[in-house]
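Chemist: Before I ask anything, here is the structure I am working with.
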Amino acid sequence: MKHAILLTHGPIGEALIEAVRGIMGFDEGLHALAVTDMSITEIASRLSALVSGPDERQDGVLIMASLRGGSCWNVAVSIASDYKHVRVLSGVNLPMVLSFITKRESLSLEALAAEVQHDGARGICLLSQDKGC
Amino acid sequence: MPLVQVRIDDRLIHGQVVVGWRHVLDPQRIMLCSDEVANSDWQKTIYMSAVTSDIAASVLTLQETIAELGSGLLERERILLLVDSPKRLVQLVEAGVPISEVNVGGMHFRAGKNQITPFIFVDEEDVSNFRILHDKGIKLEGRDVPTRTPIDIARALRFEPI
């Protein structure tokens, strides 16, 4: 089973996982890591531990960081380059996490990362009276 | 083919439906039966936009729903039908829409309603409409998300077994 790590500024990741539980009724394989007040070294060591955890994670780990260019993203992309089974997306939102959890079985890690990116962007909509979304 | 799910949910189209149940049931169309929504252009736009473009959606009045479901659409598509109340379902069943099982996904708190599960509150009118459905042999299951253990609504309301 593929796992996801929500690597976020503040407790956003934990809150997203709680929302997924409310919508889907399950949250297996979702992990949250909040980087508040952590040094870069500490973020890196915690993230490495999560990425290289139990064997089943070799099926693939998608790190979803809260902010492109933020410290969590910086650490994530540098760690990901050391592992074949890890991909990194930035700008995590609820549609991305739901996309991950509903599509992870049917897609390769590479295709899944692209699909999650697509669904995350599609979830952002300025609703207009005449055109909808 | 039968409707893939008939669901009572006063939040109408929302996350538990468009992501949670859709993932498990894989319907081709989500059909919302609500006069109130169907008669308001803006509300209709909102609920149509709640569904991504890779699945069909309809927002219909009660009469339109009866006409659509009677027109052979059921033979061609796997449909998830959503209504806001037990009363609407009784109207559909009495008009001949074939329904054998109902998922009660959300009837939230309103003044004068009593709680029977964390997400189902009923008043006397709801109970009498549930009784009509039960007496027609329709199975009533309380369940908000697919992974939750279903609750037997007839038993929770102490109806006589059919």
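Since every read-out is calculated from the coordinates, none of them should be taken as a lab result. The shown structure was predicted, so the numbers you read here are calculated from the model rather than taken from an experiment. Cβ placement follows ideal geometry from the backbone for every residue including glycine, while neighbour counts extend to all protein chains displayed.
Chemist: Out of the range A:38-105, which trypsin sites (Lys or Arg not before Pro) are coil in DSSP terms and have no more than 15 other C-beta atoms within 10 Å?
Modeler: Those that pass, being in a loop and sparsely packed, are A:R68, A:K84.
Chemist: Need one number: the % of Cα-Cα pairs in the protein assembly as shown sitting beyond the 32 Å mark.
Modeler: 37
Chemist: With the alpha-carbon atoms as the only input, what is the per residue convex hull volume for the range B:5-156 in Å³?
Modeler: It is 110 Å³ per residue.
Chemist: Give a residue-ordered list of calculated ³J(HN,Hα) values for the range A:5-15 (Karplus: 6.51 cos²θ - 1.76 cosθ + 1.60, θ = phi - 60°; whole Hz; x for Gly, Pro).
Modeler: Going residue by residue, I get 10, 9, 10, 9, 6, x, x, 4, x, 4, 5 Hz, with x marking Gly and Pro.
Chemist: Let's see if you can work this out: charge +1 on each Lys and Arg Cβ, -1 on each Asp and Glu Cβ, no other charges. What is the dipole magnitude of the protein assembly as shown about its Cα centre, in debye to the nearest 20? Write down the numbers at each step before the final one.
Modeler: Working: 29 positive and 38 negative charges, 58 e Å.
Using only the charged Cβ atoms, the result is roughly 280 debye.
Chemist: Can you work out the FRET efficiency for the pair A:S71 and A:F26, with r the C-beta to C-beta distance and R0 = 35 Å, to the nearest 0.05?
Modeler: 0.70
Chemist: Still on this structure, I have one more. If R₀ is 45 angstrom, what is the calculated FRET efficiency for the pair B:L25 and B:R158, using the beta carbon separation as r and rounding to 0.05?
Modeler: Details: r = 30 Å, r/R0 = 0.66.
That gives a FRET efficiency of 0.90.
Chemist: Give the cysteines in the protein assembly as shown for which no other Cys Cβ lies under 4.7 Å away, or write none if there are none.
Modeler: Result for the protein assembly as shown is A:C72, B:C33, no neighbouring Cys Cβ within the cutoff.
Chemist: Another one. Once you put a point 7 Å from the Cα of B:E141 and another 7 Å from the Cα of A:A49, both along the Cβ direction, what distance in nm separates them?
Modeler: 4.2
Chemist: Quick one: Cα centre-to-centre distance for the range B:118-162 and the range B:16-84, in angstrom?
Modeler: Each part's Cα centre sits 22 Å from the other's.
Chemist: Roughly how many nanometres apart are two label points built 7 Å out from the Cα toward the Cβ at B:M1 and B:S53?
Modeler: Here the answer is 2.5 nm between the modelled labels.
Chemist: Okay, next question. What are the lysines whose alpha-carbon lies under 26 Å from the alpha-carbon of A:K2, with same-chain residues fewer than 8 places away excluded?
Modeler: A:K2 reaches A:K84, A:K103.
Chemist: Still on this model: How big is the Cα convex hull of chain A in projection, averaged over all directions, in nm²?
Modeler: 8.6
Chemist: Could you work out how far helix A:71-80 tilts from the main Cα principal axis of chain A, as a 0 to 90 degree angle to the nearest 10?
Modeler: Orientation of helix A:71-80: about 70 degrees from the principal axis.
Chemist: A further question follows. Taking Cα pairs under 8 Å and at least six residues apart, what relative contact order does the range B:5-156 come out at, in percent?
Modeler: 29 percent.
Chemist: Check each of the trypsin sites (Lys or Arg not before Pro) in the range B:21-79 and keep only those in coil by DSSP with at most 16 other C-beta atoms within 10 angstrom; list them in order.
Modeler: Of the trypsin sites (Lys or Arg not before Pro), the ones in loops of the range B:21-79 whose Cβ has at most 16 other Cβ atoms within 10 Å are B:R78.
Chemist: Counting alpha carbon pairs within less than 8 Å and at least 6 residues apart, what relative contact order, in whole percent, applies to the range A:3-122?
Modeler: Relative contact order comes out at 26 percent.
Chemist: Tell me which lysines have Cα within less than 26 Å of B:K139's Cα, excluding those fewer than 8 residues away on the same chain?
Modeler: B:K87, B:K113
Chemist: Set the Förster distance to 22 Å, then compute FRET efficiency between A:H118 and B:D10 from the Cβ-Cβ distance, nearest 0.05.
Modeler: 0.10
Chemist: A further question on this structure: Chymotrypsin sites (Phe, Trp or Tyr not before Pro) within the range A:41-133: which are DSSP loop residues with at most 16 other Cβ atoms inside 10 Å?
Modeler: A:Y83
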